[in-house]
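Derivation of every value follows stated rules applied to the coordinates shown; laboratory data play no part. What you see is a predicted model; the values in this text were computed from it and never measured. Glycine also receives a Cβ, built like all others from the backbone with ideal geometry; neighbour counts cover every protein chain displayed.
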Amino acid sequence: MTVSLHHIVIDAHDLPAQARFWTQVLNWTILSERDREIVIGVDENAPVGICFMPGSAARKTTKNRLHLDLTPGPDGRDAEVDRIVALGARRVDIGQTGTESWTVLADPEGNEFCILRPKTTLIA
């Protein structure tokens with residue numbers, strides 16, 4: 001028997017604000033909202049969702065050890081970057097050279113994520 005990925009859990013200081021930001025980025029919905037947990041996803045039967053839970057009192061100060069890579073829609077990477085920045089993300093420098101095929105952004109609480117070049121498979 002194997003396990004399967006259920007949630008990606010993100011520690012947050014402002015759970016509702018983080019959930020709203022990510023539902024707009026991903027065009028997902030809030031599936032469950034409790035005092036100490038908000039779950040978002042495509043729908044309640046989706047194979048994977050994102051769960052926001054209270055984090056430590058300390059603010060984030062270092063690069064994430066884990067981050068999300070997002071594939072842009074039909075308008076392409078630059079349009080998606082502009083759209084997501086308008087939602088509250090910001091561009092961040094984590095040592096890129098400028099020749100990468102991705103753009104690094106951070107959500108409103110500083111968690112890095114990447115917008116990739118358009119891809120159709122996990123490896124291409």
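Candidates are the residues of segment 3-45 that are in a loop (DSSP other than H, G, I, E, B) and among the acidic types (Asp, Glu); the one that is nearest to LEU105 (Cα to Cα) is ASP14. Exactly one residue out of ALA86, ALA106 is within 18 Å of GLN24 (Cα to Cα), surrounded by fewer than 13 Cβ atoms within 10 Å (Cβ to Cβ) and among the aliphatic types (A, V, I, L, M), and it is ALA86.
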